[in-house]
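First comes the structure, then the notes that go with it.
The values are calculated or read from the model by the stated rules, or taken from the named source; none is laboratory data. As the structure is a prediction and not an experimental result, all values here were calculated from the model. Glycine also receives a Cβ, built like all others from the backbone with ideal geometry; neighbour counts cover every protein chain displayed.
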Amino acid sequence: MNPSLKLAWVVLLALELSFTQVWTVNLVLIVISLILMLACHVPLKRLLWLTGVPLFFASALVWSLTLQGSASHHFLIVIFTRMFVYVYLGGLFTQTTDPLILTRSLEQNAHLPSKFAYGFLAAFNLMPKIQAEVASIKAAALMRGQVLHVWSPQLYFKAILTAMHWSDQLSLAMTSHGFVEGAPRTQAEVIPLRRRDWWLTAGSLIIIQVGLFTGLP
Amino acid sequence: MKAWHLRDIILVTILAIFMGVIFFVIGPVYTVLSAALAPAGLQPLANEILLGIWVMAGPLAGYIIRIPGAATLGELLGAVVEMFLGGVWGASTLISGVVQGFGSELGFILTGYKRYNWLTLVISALTTTIVTFTWSLFRAGYASYHLGFLAMLFTVRFISVFLFGGVLTKLITNLLARAHVVKNIR
């Protein structure tokens, strides 16, 4: 399926389910995303992780709602299943979508300006360097006997200096390699947006609307 | 009004990734704190205490980059980083990212993107708390809590957001001002 449509579908659903209270629809979505994840060969370890974490948080949430609030049983079931829907839908999306293809699709199909698409890509490719930089900032401080915590301004100060330095260099490098903001571009890899994708998105959304608004528990 | 250029886009993304990497260590703390508070039915409190750390990317990006949308984009990209680094909440992280980012953005909107001082950060912390709390009322069923408990959660959340998004952001930008590295921060 087209990555942009898939993203829109997942976000729209998560948003709508936050405001509706039908646990049967939640349950059906949980089962469907589980089947789809199994069909896409998501590793079992990841699936267990995706089940354990919401199990803990949903149970804790339901428990505190029982102790500190006045929620009905129906609402508790809704909240419990809702946490699983969030995690499973999210898992289905991240496990079956490649960030590079998603960015290309957002640029080509969703018409995100190319300066954003390529700016994001350029920065995200620095991820390993950024992780190493945070470690080296901390190590450098330790050598002078300073321990930097999450609440130490120095840690962020140094990170921001590096961020400004790198973004200057990267944007200069991109410009010198011929990147022009707003100029028309050709694509090396075209991401297809088929009729089938639209039908699948619209059809499943309509079915879910029927489930949500016909008085199911 | 300043517009977005390639350099700013890369800067806000790198900033968001830095914040994401720094905060990745907070994940286990959240789980441990939740587990410790859960038996007493106080699990939401873990969320409230740490929320300020998560929403910090918003006010920091808004304060440093000073282009409309910077706070929202910074926080949204932070959520994207979390999603692809292996956070479990997936797409709902993106929605929370937009909600939190817009919350702090409101603070800058209300001051017209002109004043950047304590007042802006206090307003931003307040709007962040109000907007994210409204979202929690629906998403996590907060509306069913007793009023006293709800007031306690709100207060803790505001303190957390103010300490990290307000006080810490101000301390960081003070350092930047002393170093004379950013033209518009003095």
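For region B:54-71, which positions are within 12 Å of chain A (Cβ to nearest Cβ), outside any helix (DSSP H, G or I) and among the β-branched types (Val, Ile, Thr)? Matches in region B:54-71: none.
So is A:ALA39 crowded, with 18+ Cβ neighbours inside 10 Å and either within 29 Å of B:ALA35 (Cα to Cα) or modelled with pLDDT of 90 or more (or both) or not? In short, no.
Taking the criterion of being of a type outside the set (Phe, Trp, Tyr) and either buried (at least 16 other Cβ atoms within 10 Å of the Cβ) or closer than 29 Å to B:PHE162 by Cβ (or both), the residues of region A:132-151 that qualify are A:GLU133, A:VAL134, A:ILE137, A:LYS138, A:ALA141, A:GLN146, A:VAL147, A:LEU148, A:HIS149, A:VAL150. Being more than 10 Å from every other protein chain (Cβ to nearest Cβ), modelled with pLDDT under 90 and part of a helix (DSSP H, G or I) is a description that applies to B:ALA177.
B:PHE158 meets the stated requirement of being in a helix (DSSP H, G or I), out of contact with any His (no Cβ under 9 Å at 6 or more places or on another chain) and buried (at least 20 other Cβ atoms within 10 Å of the Cβ). On the stretch given as region B:1-30, residues that are in contact with a Leu (Cβ under 7 Å, 6 or more places away or on another chain), touching a residue at least 60 places away in the same chain (Cβ under 8 Å) and either more than 7 Å from chain A (Cβ to nearest Cβ) or not in a helix (DSSP H, G or I) (or both) total 4. Checking the stated criteria, B:GLY52 turns out to be out of contact with any strand residue (DSSP E or B) (no Cβ under 7 Å at 6 or more places or on another chain) and at negative phi.
In region A:81-113, of all residues being surrounded by fewer than 17 Cβ atoms within 10 Å (Cβ to Cβ) and among the β-branched types (Val, Ile, Thr), the one that is modelled with the lowest pLDDT corresponds to A:THR96. Per the conditions (1) touching a residue at least 40 places away in the same chain (Cβ under 8 Å); (2) more than 9 Å from chain A (Cβ to nearest Cβ), the sole criterion not satisfied by B:GLY97 is (1).
One line per residue, one yes/no per condition, for (1) modelled with pLDDT of 90 or more; (2) more than 10 Å from chain B (Cβ to nearest Cβ); (3) under 29 Å from A:PRO113 (Cβ atoms); (4) in a helix (DSSP H, G or I):
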{"residue": "A:TRP151", "(1), (2), (3), (4)": "no, no, no, no"}
{"residue": "A:LEU155", "(1), (2), (3), (4)": "yes, no, no, yes"}
{"residue": "A:MET164", "(1), (2), (3), (4)": "yes, no, yes, yes"}
{"residue": "A:GLN169", "(1), (2), (3), (4)": "yes, no, yes, yes"}
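Just one of the listed residues (B:TYR63, B:TYR116) is more than 10 Å from the chain's Cα centre (by Cα) and buried (at least 24 other Cβ atoms within 10 Å of the Cβ), namely B:TYR63. Among the numbered criteria (1) of a type outside the set (Asp, Glu); (2) without any contact (Cβ under 8 Å) to a residue 60 or more places away in the chain; (3) out of contact with any strand residue (DSSP E or B) (no Cβ under 8 Å at 6 or more places or on another chain), which one does B:SER144 miss? Evaluating B:SER144 over (1) of a type outside the set (Asp, Glu); (2) without any contact (Cβ under 8 Å) to a residue 60 or more places away in the chain; (3) out of contact with any strand residue (DSSP E or B) (no Cβ under 8 Å at 6 or more places or on another chain) leaves (3) as the failure.
Among the residues of region B:126-134, are any more than 9 Å from chain A (Cβ to nearest Cβ) and over 27 Å from A:TYR86 (Cβ atoms)? There is at least one residue in region B:126-134 that is more than 9 Å from chain A (Cβ to nearest Cβ) and over 27 Å from A:TYR86 (Cβ atoms). Scanning region B:31-53 for residues that are more than 7 Å from every other protein chain (Cβ to nearest Cβ) and touching a helix residue (DSSP H, G or I) at 6+ places or on another chain (Cβ under 7 Å) gives B:LEU33, B:LEU37, B:LEU45, B:ALA46, B:GLU48, B:ILE49, B:LEU50, B:LEU51, B:GLY52. Once region A:125-149 is narrowed to residues that are assigned to a helix (DSSP H, G or I) and within 7 Å of another protein chain (Cβ to nearest Cβ), the residue that is farthest from A:ARG185 (Cα to Cα) is A:VAL134.
Residues in region A:186-193: is at least one within 30 Å of B:LEU163 (Cβ to Cβ) and either of a type outside the set (D, E, K, R) or surrounded by 17 or more Cβ atoms within 10 Å (Cβ to Cβ) (or both)? Within region A:186-193, not a single residue is within 30 Å of B:LEU163 (Cβ to Cβ) and either of a type outside the set (D, E, K, R) or surrounded by 17 or more Cβ atoms within 10 Å (Cβ to Cβ) (or both). Of the residues A:SER70, A:SER18, A:SER64, only one is more than 16 Å from A:SER204 (Cα to Cα), under 23 Å from the mean Cα position of the chain (by Cα) and facing chain B (nearest Cβ under 8 Å); which? A:SER18 is the lone residue from the list that is more than 16 Å from A:SER204 (Cα to Cα), under 23 Å from the mean Cα position of the chain (by Cα) and facing chain B (nearest Cβ under 8 Å). Answer with yes or no whether B:ILE67 is over 22 Å from A:LEU89 (Cα atoms) and modelled with pLDDT under 90. Here the answer is no, as B:ILE67 does not meet what is asked. Residues in region B:137-154 that are part of a loop (DSSP other than H, G, I, E, B) and over 15 Å from B:ALA46 (Cβ atoms): B:GLY141, B:HIS146. Close contacts from region A:193-213, counting a first residue that is in a helix (DSSP H, G or I) and a second that is among the aromatic types (Phe, Trp, Tyr) and at pLDDT below 95, with Cβ to Cβ under 6 Å and a gap of 6+ residues or different chains, come to A:THR201/A:TRP9.
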